[in-house]
Amino acid sequence: MEHYLDNAATTKPCAEATEAVMRCLSEAYGNPSSLHTKGLQAQHEMDKAREQLAYALGCKPQEIIFTSGATESNNLALRGAAAAYGRRRKKIVVSAVEHASVRQTMAALAEQGFVIETILPGQDGLYHASDFLRAVDDDTCLISMMLVNNENGCRMPVEETFRVVKRQDPAVITHCDAVQGFLKIPFRTRTLGADLISLSGHKVHGVKGAGALYIKQGVRVKPVLFGGHQEKGLRPGTESVPLIAAFGAAVGALFPTLETRGQKVQALRTRLIEQLRTMEGVFIRDLPDGSPYVLNISLLGYRSEIVLHFLEKRDIYLSSGSACSKGASSGVLETFGAKRKEVDSALRISLSAENTVADIDALVQGLRAAQQTLLRSHT
Ligand code: PLP
């Protein structure tokens, strides 16, 4: 029996998503830009997906731009807004624990002459709106903060920060990478206070290769790719209708169950933490107000990659950190205050409502077996 506990890296596509892909491959295979029936059929699939996302976000369908994933959404949001609003204002404020697709985009914007002010967590290891507000000044065009950190589940103070920043200066554009919070943490575009929101299909039981960017009506974003008129010219190129339809179908299926899924995942997490607390040598990063879907722990004295391979032989799948860093530390846990030996032995357990008590129990047994079988490292 497989125990998949790496849902922050990607999720298994749900039945509705798989069905949508099959339908678009076998029937609605036209190009949405074609004027004949086949084109209209594909356009209908796109419209439906857009409506499904808009309903879940509480926005207008016209405010959704489909992309190839959240990496592209983050690039389009940040580079596009910097190009539109950064002629006179040159400062961008961002948290230090963003996903690589935000951090690397910031590095590219710094090369273009933007001044990037990176905000560290406070003494208590958590983020506070006041630290962001202090950094925002007359020269700031953009602020970017993720909703939930992908490595430790930290819930960032997006709503409060964006509210106080907008109150101080409504001209500052607010961007939120909501990939790890969408359909897990309840939010609406209005409550989040973001002008731009990045989303990814494959993190919510859709299929890899489709994402979205919410752009609040009236907010300007310049394109970063050039070509046809698709997605209002902001994402030119023939749309991947099967993957977009799968994204919409997954959102349509998951949105009504947000609360019940959350309760189930919370119960699994509680069981996991209770069991881990009975073990020696386990450091548990159980953050106050963190997302129930991600738990980062350290099996002290055992290197992450060795434990991961040990667990894999028992059909238990998890990660050491961000999927994008391929096992190497992204630096995020260190930024949150983790010591070297904790980072070297970090394990990220990321849940979905598909998980069961059997997955949790198998993991705990696997970790106990690792402690009994593997040689301790000296790091
Ligand atoms: N942002 C966050 C917080 C993520 O966790 C990820 C994926 O790991 C991304 C962005 C990138 O998403 P995608 O794989 O759709 O490009």
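Could you tell me whether any residue of segment 195-210 is within 24 Å of A249 (Cα to Cα), in contact with a helix residue (DSSP H, G or I) (Cβ under 7 Å, 6 or more places away or on another chain), charged (D, E, K, R) and within 13 Å of the ligand (Cβ to nearest atom)? So that I can check it myself, show each step before the final result.
Step one: filter segment 195-210 for residues within 24 Å of A249 (Cα to Cα), giving 196-210.
Now drop any that are not in contact with a helix residue (DSSP H, G or I) (Cβ under 7 Å, 6 or more places away or on another chain), which leaves 196-201, 204-210.
Within this subset, residues satisfying the condition of being charged (D, E, K, R) are 208.
Subset that is within 13 Å of the ligand (Cβ to nearest atom): 208.
Yes; the residues of segment 195-210 include at least one that is within 24 Å of A249 (Cα to Cα), in contact with a helix residue (DSSP H, G or I) (Cβ under 7 Å, 6 or more places away or on another chain), charged (D, E, K, R) and within 13 Å of the ligand (Cβ to nearest atom).
Please determine whether any residue of segment 159-174 is buried (at least 21 other Cβ atoms within 10 Å of the Cβ), touching a residue at least 12 places away in the same chain (Cβ under 8 Å), within 16 Å of the ligand (Cβ to nearest atom) and not aliphatic (A, V, I, L, M).
Our first condition is that a residue be buried (at least 21 other Cβ atoms within 10 Å of the Cβ); within segment 159-174, this holds for 161-162, 165, 172-174.
With the extra rule that they be touching a residue at least 12 places away in the same chain (Cβ under 8 Å), the set shrinks to 161-162, 165, 172-174.
Retained after the next criterion (residues that are within 16 Å of the ligand (Cβ to nearest atom)): none.
No; the residues of segment 159-174 include none that is buried (at least 21 other Cβ atoms within 10 Å of the Cβ), touching a residue at least 12 places away in the same chain (Cβ under 8 Å), within 16 Å of the ligand (Cβ to nearest atom) and not aliphatic (A, V, I, L, M).
Sort out for me the helices (runs of 4 or more DSSP H) sitting completely within segment 21-135 that have 1 or more residues that are acidic (D, E) and either surrounded by 15 or more Cβ atoms within 10 Å (Cβ to Cβ) or within 16 Å of the ligand (Cβ to nearest atom) (or both).
Working: elements: 37-57, 70-85, 100-111, 129-135.
So the answer is 37-57, 70-85, 129-135.
Here are E111, E98, E117: which of them is at pLDDT 95 or above, more than 19 Å from the chain's Cα centre (by Cα) and within 20 Å of M156 (Cα to Cα)?
Working: E111 fails: within 20 Å of M156 (Cα to Cα); E98 fails: more than 19 Å from the chain's Cα centre (by Cα).
The unique qualifying residue is E117.
Identify, by number, the condition in (1) assigned to a loop (DSSP other than H, G, I, E, B); (2) within 15 Å of the ligand (Cβ to nearest atom) that K222 doesn't meet.
Status for K222: all satisfied but (2).
For segment 14-29, how many residues meet the condition of being in contact with a helix residue (DSSP H, G or I) (Cβ under 6 Å, 6 or more places away or on another chain) and either aliphatic (A, V, I, L, M) or over 17 Å from R50 (Cβ atoms) (or both)? Before the answer, list the steps.
Quick first cut of segment 14-29, residues in contact with a helix residue (DSSP H, G or I) (Cβ under 6 Å, 6 or more places away or on another chain) only: 14, 16-17, 20-21, 24-25, 28.
If we keep only those that are either aliphatic (A, V, I, L, M) or over 17 Å from R50 (Cβ atoms) (or both) too, we end up with 14, 17, 20-21, 25, 28.
So the answer is 6.
The values are calculated or read from the model by the stated rules, or taken from the named source; none is laboratory data. This is a predicted model, so every value here is computed, not measured. Cβ atoms come from the backbone with ideal geometry, glycine included; neighbour counts cover every protein chain shown.
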